[in-house]
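The values are calculated or read from the model by the stated rules, or taken from the named source; none is laboratory data. These figures come from a predicted structure and were not determined experimentally. All Cβ positions, even for glycine, are placed from backbone atoms using ideal geometry, and neighbour counts span all protein chains on display. Each accessible area value is taken on the protein alone, full model and side chains, heavy atoms only, with ligands, DNA and RNA left out. Shrake-Rupley method; radii C 1.70, N 1.55, O 1.52, S 1.80 Å.
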Amino acid sequence: MFAPLKQSVKALRSNLGRTILTTLGIVIGIATVILVLSAGAGFRGLINSQVDALGSNTLFVETRVPPTTKNRNAGATQADTGRAGSSVAITSFKLSDLEAIMRLGNIKNAYGMVTGIGVASYRNTAKSIIYYGASASRFEIDKGTLNKGRFYLPSEDNSGAQVVVLGSKIAGDLFGADDPLKKLIRIGNLNFEVVGVYNPRGGIGGGGADTDSNIYMPLGTAQKKMLGIDYLLIGIVELVDVNGADATAEEIKTLLRRNHKITDPAKDDFFVMTQAEALGTFNTIFGGITALLIAIASISLVVGGVGIMNIMYVVVTERTSEIGLKKALGAKNSDILNEFLIESVLVTVLGGIIGIIFGAFLGWIVSLIATRSGLTWVFSVPPYAIAVGFGVSAVIGISFGVLPARSAARLDPIEALRYE
């Protein structure tokens with residue numbers, strides 16, 4: 001076994017340029033697979049951190065346009081709609097619904113939320129922002145912590161006080177090194193006092209924006225003074241027992257159908273989603289995207305494998321006389337087969353190792369970019385990704401190397417020795 005391995009290494013080193021070019025397709029394909037799997041692990045970590053920040057024992061109630069509802073308000077903006085991205089205003093989800101949900105058995109706490117887009121300014125600095133109006137009970141459920149100041153109070157929520165809590169990034173953008181507390185910022189036509197600043201959260205908020213750029217204000221203030229509405233877009237519900245999430249979700253659906261006078265579930269103007277369902281939906285979507293990217297990368301691997309097979313046929317042709325001499329001196333067909341097969345596997349495994357290293361490096365670059373963008377992103381290369389890299393490399397080496405190796409092993413020694 002060692003003699004064929006030694007011969008294969010010598011053959012590869014004798015034509016280093018050709019060896020490098022032969023492995024290039026494998027390197028690109030394996031690097032792409034490693035990059036996709038590494039980035040996927042980082043993104044899943046980011047989503048899990050977002051779930052932890054919301055609380056793993058929560059579920060969401062969000063307005064939606066019933067499938068039978070026609071677009072009656074094509075000119076509406078996001079602030080006017082019952083759900084982001086919809087052009088029909090769903091106005092039936094009220095604070096009274098959320099209060100009724102709070103009276104169910106497995107509910108510990110809840111808060112309602114609305115959102116809008118505006119421009120926040122302080123002195124000569126202005127920034128486009130997404131602001132959220134949320135009940136003060138949000139801060140009892142949300143896991144975010146403050147860098148300074150305080151959260152707004154239930155009394156401020158009830159009275160429509162013009163106070164805000166800033167994300168860490170927007171606080172830095174507006175105030176720089178100055179202390180934002182008790183300063184006034186302008187959002188739209190109103191002045192708001194800054195009462196608190198979040199620690200960096202490093203997540204993705206509404207519309208794909210950085211959560212550290214968001215601004216939070218009392219729900220009543222956002223509804224009445226900013227948006228001119230009396231309904232909610234989203235309700236976040238905290239559960240006593242997460243194991244009863246599915247049963248509680250059904251109770252909420254029944255309650256809302258009764259309150260909204262809906263007799264046909266197909267006409268629901270809301271949907272209820274547990275954290276498990278949200279993660280399941282994400283994993284399904286992201287799993288499909290990952291599979292698609294890996295399928296694209298596999299094209300490069302197949303191309304690389306065909307290239308290796310062609311080169312091995314060339315190598316067999318170049319070394320025909322050598323093969324004839326070895327067989328004349330007693331080498332068996334299996335010896336010749338093993339030598340060329342080992343050479344093919346060595347090329348692909350070498351390409352796999354380089355591809356794994358290069359793909360991990362690219363994954364590290366992605367993690368640096370994500371971290372500098374304020375996201376909670378942890379770089380990792382899953383062990384199964386490395387196993388896939390090595391396994392695919394070996395399989396390609398065997399699959400595309402066996403035909404040239406068999407061709408070499410079956411050469412007639414006399415004809416081979418006479419080959420010029």
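Let's see how each residue does on (1) in contact with a helix residue (DSSP H, G or I) (Cβ under 9 Å, 6 or more places away or on another chain); (2) crowded, with 16+ Cβ neighbours inside 10 Å; (3) part of a helix (DSSP H, G or I); (4) in contact (Cβ under 8 Å) with a residue 24 or more places away in the chain:
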| residue | (1), (2), (3), (4) |
| --- | --- |
| VAL272 | yes, yes, no, yes |
| ILE285 | no, no, yes, no |
| ILE289 | yes, no, yes, no |
| LEU292 | no, no, yes, no |
| GLY307 | yes, yes, yes, yes |
| VAL315 | yes, yes, yes, yes |
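Screening VAL395 against (1) in contact (Cβ under 8 Å) with a residue 24 or more places away in the chain; (2) outside any loop (DSSP other than H, G, I, E, B) leaves a single unmet condition, (1). Annotation note: of GLY374, GLY401, GLY324, GLY359, the sole residue that is modelled with pLDDT of 85 or more and either in a helix (DSSP H, G or I) or not acidic (Asp, Glu) (or both) is GLY359.
For ILE296, the criteria (1) in a helix (DSSP H, G or I); (2) of a type in the set (A, V, I, L, M, F, W, C); (3) at pLDDT 90 or above hold in every case but one, which is (3). Of all the residues in the range 95-106, those that are over 17 Å from THR274 (Cα atoms), of a type outside the set (A, V, I, L, M) and open to solvent by less than 60 Å² (accessible area, probe 1.4 Å) number 1.
Among the residues of the range 231-264, which ones are farther than 22 Å from GLY280 by Cα and either part of a helix (DSSP H, G or I) or of a type in the set (Ser, Thr, Tyr) (or both)?
Restricting attention to the range 231-264, the residues satisfying the condition of being farther than 22 Å from GLY280 by Cα are 231-233, 254-264.
Across the range 231-264, the qualifying residues are TYR231, THR254, LEU255, LEU256, ARG257, ARG258, ASN259, THR263.
Restricting attention to the range 262-276, the residues that are in contact with a Lys or Arg (Cβ under 8 Å, 6 or more places away or on another chain) and of a type in the set (Asp, Glu) add up to 2.
Contact map, the range 222-241: first residue within 11 Å of TYR111 (Cα to Cα) and β-branched (Val, Ile, Thr), second residue in a helix (DSSP H, G or I) and open to solvent by 50 Å² or more (accessible area, probe 1.4 Å), Cβ cut-off under 8 Å, separation 6 or more or different chains; pairs are ILE236/LEU54.
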